Amino acid sequence: MNRKKLQKLTDSLNKNCKHFSKFEVKCLINLFYNLVGEVMERQGVVIGLDRNAFRNILHMTFGMTDDMIMDRVFRGFDKDNDGCISVTEWVYGLSVFLRGTLEEKMKFFQGFQDEIVNLLFPGLLFVDCFEVFDLNGDSFISKEEMFHMLKNSLLKQPSEEDPDEGIKDLVEITLKKMDHDHDGKLSFADYEQAVREETLLLEAFGPCLPDPKSQKEFEAQVFKDPNEFSEV
Amino acid sequence: MGVALTRSAQWTAAGHGAKTLEVTPLNEAIVKEIMMFVESFIYKYPQEANYVFVEPLEWKTNLDPSAFGSGYAVSETTVKSEEVDKNGEPLLYLSVPQIKIRSFGQLSRMLYIAKSMKLKEAQACIEANRNPVAKILGLDYNIINGKNGNSFVSSVLDKMNKDDDPESEIKMKIALQLKQLDLHLLNHSLKHISLEIRLNSGTVKNDIELLKQFSGKGEQTVLESIEYTSDYEFSNGCRAPPWRQIQGEICYVLVKPHDAEILCVTCSKEGVFLNGGKTDDEGQINYERKGEIYKDLVTLLKEKSAIFSENMSKQEVKFSEQLQKDQPNKAPKEEVAVTHKTSITSRKSAQENRINLGRSQLTKRLEPSLNWRTSVSSKESRNTLRDTQVEKHGGKLEKSRSSLSSGRAQLIRKSVEKIEEIISDSSSESEEDEEQPDHRQEANADLPSEYWQIQKLVKYLKGGNQTATVIALCSMKDFNLAQETCQLAIRDVGGLEVLINLLETDEVKCKIGSLKILKEISHNPQIRRNIVDLGGLPVMVNILDSPHKSLKCLAAETIANVAKFKRARRVVRRHGGITKLVALLDCGKHSAEPAQSSLYETRDVEVARCGALALWSCSKSYANKESIRKAGGIPLLARLLKTSHEDMLIPVVGTLQECASEENYRAAIKAERIIENLVKNLNSENEQLQEHCAMAIYQCAEDEDTRDLVRLHGGLKPLASLLTNTDNKERLAAVTGAVWKCSISKENVTKFREYKAIETLVGLLTDQPEEVLVNVVGALGECCQEHENRIIIRKCGGIQPLVNLLVGINQALLVNVTKAVGACAVEPESMMIIDRLDGVRLLWSLLKNPHPDVKASAAWALCPCIQNAKDAGEMVRSFVGGLELVVNLLKSENKEVLASVCAVITNIAKDQENLAVITDHGVVPLLSKLANTNNDKLRRHLAETISRCCMWGRNRVAFGEHKAVAPLVRYLKSNDTNVHRATAQALYQLSEDADNCITMHENGAVKLLLDMVGSPDEELQEAAAGCISNIRRLALAIEKARYS
């Protein structure tokens, strides 16, 4: 990719991305092409990170372990749902992933509602943290989904007769805490209200955002030397 | 006594013949009481003692006729008293073995004669006369049948109305006496019953288990064997068959001592006794009681077996220790006693007994045990605990086993508390500390539902991964953490340990959640202490370094809560917390930081606020104040003070105010131009902020420059206007304090007068708490130094309330009041008012106050009073013993008191008559004794007094004799002109005596005085010159004498 094109891409992305500076956008684009590697040179093929590559990044860089959650995060990045993350999706995704405000993170990616983004991604899927947890996509987090996500969260106590009892109880506790309309499942409104009351509940059912430490490391690594990237 | 006898006394159930009293401690006590009553009757009520009973009391006696002496007609088998009734019948008639007695006098005498047998006689009498009251007073007075006390009284009243012959009056008196005795007996027996040791299944079981441990073959054991007769234990802990349990029996034991046959023992609620033993057929037990009732098994066995008793005493040490451990406390005993009271009338009812047993078990579950040990886990305190415990064990061998171990635990606890140097209220907490862990284990049924929910959540905290932990933490936060039940529940289920543990992980979210909870529950003083014990503070101090601001904030806020007591503050300091907290204050400067903060972050200002909050808590310890200063906290605080957020300003000003007690801080506060901002914030709307600002000014305004700064920055006006708002007493105290200190500067007083603050202050002299009064009076005292203000105070009617305050007891207040009154007395017109209100007498009586400050201040105040009072000499003499009191104060140790008293004496001595009186009281030797001092203030006043006192009789000579002259000469070397002047005058007076002149000359006074003649002070010149001329004249006279 020539410099001119890169410059253009950087400019366009930077215009719509309030969380990164121009330089940082450039760094991220560079990183993206580094990760994608040789594939990018071929014309006509959609270039981007596929599911496995992306999960690998999440695991290696951000220390995520839960397959299911990582899958959901991939879906969160992959706005056009084509099974691979383009450079635009990459930059926007990271912008929320790393720097998003509470609202943005709550509505994972929903923050870019401005027209240009809409133009860029016509079939924009509003996937958010909430949707990361809404496994079947019915806009509700049901008890079963919660159970599914929390099932590994408790240490199995050999003494207990029903190992799932604790999990069930935990689900009940969560519902009691978050289900404000008492319909036995979490709507987005429930979720939003609960998170506004207690930010800690943003990742109520498992970490789907980078923890602050790995985030710092990632940023430090990617944005380290201005000169190094400007030449590429 | 009738009621007591029928209801309380325990009659044997035997149905045949005359009932007899059972041999029980209770009966014995009742009989003794009655006996004492009768014995003393003849002395206490001699008139009533002659009253003749309606019917004689009659019983079989064991007394021998020969025992009766004078006053009786004694024959072989009969005795007749010489005392007879109006029909000539003897009042005592004994015809072996029957005895009839018809008066209390004879009863008393009979008991006296019976000597050692009187108890038996009394018992026999009571047994034979089941209704003594009826016999004594006649059936009309039979009060046993009275359903209640009222009927008795009404019947008595009826009688009174019916006939009014003298006999019925006596009868009435006796009836009342007996009624009183009856009540006394009932009360007494209740007391006795509650004292009686009631056994329950638990205590019995413990005894038996313990004895089993010390049983077996061999020399050292106490018993060969001890066994239950039945292996089946009912749910209530009894082994006796149900139909026997009704009788209160608990179990039967077969005991084989080393030196006796097998004993079959019944353990019942009443005590322990031997029963009829096992009947041969089918192992049945003969339940009949065969011996005395003992209070417990050990006492019974000691009685029955010598070897047991001997070996027991050897084992005593171990045994009692064990008993104390195993049988944590006998609290249920009391409970049983209470239930027993209720059951006293229907004691045989089986239902009741069962309830008793049930209840005692219930209470046993609730009782505190030694488990408190688990609740303290800090190593340090654990060790001390053990040590103390060992000590206690060693020391308590003598103590009876009934010493409650919970009490012991408390003692130990308290001593630990002392070691911990805890300042806040601890005694009440220590009790709760002990009881709580027990609740956790035993009294499950009584716990609120929150307890169980919290316990469950803590379980998830322990066993969950990050996600589960966060959910559990969030859920726990939803409980009402301000409520003590929840706070203690978290602690009791081991939640504190987990929460503190979470702080050491890498999980930011868990740390945040944990701190959010700790922050809330640490409002509870017990929890604070537990957090410190569990080592929570160092962890939190480490978190202060974290890059996450919200974490820092929460940690600082929690520290602010925890560091409310001394030990916690020390821990924070030792772990470098102060430096880190001061560093938090520094965050405030990058206020324009980019908003790219991460999810869990807060603003820098918030961080600084939390830091200040924590510092505020910490700044209550002296060493911490130093640390804050060394860490460079003052400039940072000064900068934060420039912000306009009240949330921020309150902790900042709070810290400054706390620290301003130190000289270093006051200097720094001046240097950092903090006063300006303090003054600015006085104008704030927030009352708390105003209070702290005023408080800080109060602390700082000891310094003159600071006072000027307050004025220059326009602080006096807001202070004056805040005086008018009297609702918030704390703030009022702080504001009046600031006014007081500021008014030490004259310019400030002028300003205050402009703002009409003096009038307001006078208005505050009534109906205010002492803290406010002290300051108000202090301020008025300063204002009074000026003539104009004194007039204002008088015109506002301020003198009366001031004089009224002279009768208070608050030391600080008295010091200020006396000063103010003294200042007012300078004005002759005011003095008249003071005199009219008897203020001088009140001041004079304050000379007896135990506090030297008050004494001195009162004495200073007296000086202008004496100066300005009309007919002062007469007034002083009117105080009886007043002069002697003043002279005796010269024996005080306190320099200020001495100086002030000297000043008073100077004024008193202006009146010749008074001077004569104090001379008689020995003022000269006392003053001379004081002469050797280096205190310039004392020197000055002492010299003035001496010069005054020289005016009487041969006092000049006396001063010389008491060696007061030489030290006075040395005063001339002082640097204080006031001392010089006073001394020169004193020397001038003394030099009228020749011997004194010689002493002065010997001590080199002439040269010093010659220098003084050159002084610009005319009085000094004159006095010095006069003295020199006296000395010179003496020399000339001697010369003249020599040559003539």
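Spin-label model, B:Glu1002 to B:Glu292: label points 7 Å out along the Cα-to-beta-carbon direction sit 8.7 nm apart. Rg and Dmax of the stretch B:534-588, based on Cα coordinates, read 10.3, 32 Å. A 29 angstrom limit on the alpha carbon distance is what I want to check against. Which of B:Lys625/B:Lys848; A:Lys15/A:Lys177; B:Lys625/B:Lys680 exceed it? Table pairs above 29 Å Cα-Cα are B:Lys625/B:Lys848; A:Lys15/A:Lys177.
In this structure the amide hydrogen of B:Ile250, modeled in the peptide plane, comes within under 5 Å of the amide hydrogens of B:Cys267, B:Ser268, B:Lys269, none closer than 5 places in sequence on its chain. Here the convex hull built on the C-alpha positions of the stretch B:622-748 has a volume of 90 cubic angstrom per residue. Put simply, the amide H of B:Gln98, placed in the peptide plane, has neighbours under 5 Å in B:Thr61, leaving out anything fewer than 5 places away on its chain.
Once you've got the Cα coordinates, tell me which of B:Lys32/B:Lys86; B:Lys620/B:Lys895; B:Lys100/B:Lys290; B:Lys100/B:Lys179 are over 26 Å apart.
On the way: B:Lys32/B:Lys86 32 Å; B:Lys620/B:Lys895 33 Å; B:Lys100/B:Lys290 35 Å; B:Lys100/B:Lys179 23 Å.
Beyond 26 Å between Cα atoms: B:Lys32/B:Lys86; B:Lys620/B:Lys895; B:Lys100/B:Lys290.
The phi torsions of the stretch A:64-76, fed into the Karplus equation with coefficients 6.51, -1.76 and 1.60 and a -60° offset, translate into couplings of 7, 10, 6, 3, 4, 5, 4, 4, 5, 5, 4, 4, x Hz, rounded to whole numbers, with Gly and Pro shown as x.
Treat the stretch B:821-945 as a sphere of radius equal to its Kirkwood radius over Cα pairs and apply Stokes-Einstein at 37 °C in a medium of 0.692 mPa s; give the translational diffusion coefficient in µm²/s, rounded to a whole number. Before the final figure, lay out each step's value.
Values: Rh = 14.3 Å.
The Stokes-Einstein estimate is 230 µm²/s.
Gain on full extension, evaluated as 0.36 nm per residue between B:Asp705 and B:Val1013 minus their Cα-Cα distance, stands at 107.1 nm.
The phi-based Karplus calculation (6.51 cos²θ - 1.76 cosθ + 1.60; θ = phi - 60°) puts the 3J(HN,Hα) values of the stretch B:41-50 at 4, 5, 7, 6, 10, x, 5, 5, 5, 7 Hz, whole numbers, x for Gly and Pro.
Database remark: amide H of B:Ile285 closer than 5 angstrom to the amide H of B:Thr279 (H placed geometrically; neighbours at sequence offset of 5 or more, or on other chains; Pro and chain starts carry no H). Remark: C-alpha extents of the stretch B:762-832 on the principal axes read 29, 19, 19 Å, sorted largest to smallest. Read phi for every residue in the stretch B:465-481 and hand back ³J(HN,Hα) as whole Hz from Karplus 6.51 cos²θ - 1.76 cosθ + 1.60, θ = phi - 60°, with x for Gly and Pro. Per-residue couplings from phi come out as 7, 3, 4, 4, 4, 4, 4, 4, 5, 5, 5, 5, 5, 6, 5, 6, 6 Hz.
Normalised by the number of residues in the stretch B:820-920, what is the relative contact order in percent for Cα pairs under 8 Å and 6+ residues apart?
Values: 111 pairs, mean separation 28.5, N = 101.
The value is 28 percent.
Can you compute the FRET efficiency between B:Asp64 and B:Asp259 using 1/(1 + (r/R0)^6), with r the Cβ-Cβ distance and R0 = 51 Å? Round to the nearest 0.05. It comes to 0.80.
Need one number: the % of Cα-Cα pairs in the stretch B:846-888 sitting beyond the 16 Å mark. Kindly include the intermediate steps, with their values, before the conclusion.
Values: 356 of 903 pairs.
Roughly 39 percent, once rounded to a whole number.
When its C-alpha radius of gyration is set against 2.2 N^0.38 Å (N residues), the stretch B:860-1004 gives a value of 0.98.
For the stretch B:474-541, what is one quarter of the convex hull surface built on the Cα atoms, given in nm²?
The number I arrive at for the stretch B:474-541 is 4.1 nm².
On the beta carbon distance between B:Ser235 and B:Ser116, with R0 = 56 Å, the FRET formula returns roughly 0.65.
Measuring r between the beta carbons of B:Asn894 and B:Asp545 and using R0 = 56 Å, the FRET efficiency lands at 0.60.
Rule-based calculations on the coordinates, nothing more; no lab input. In this text, all values refer to a predicted model and were calculated from it rather than measured experimentally. Cβ: placed from backbone, ideal geometry, glycine included. Neighbour counts: every protein chain shown.
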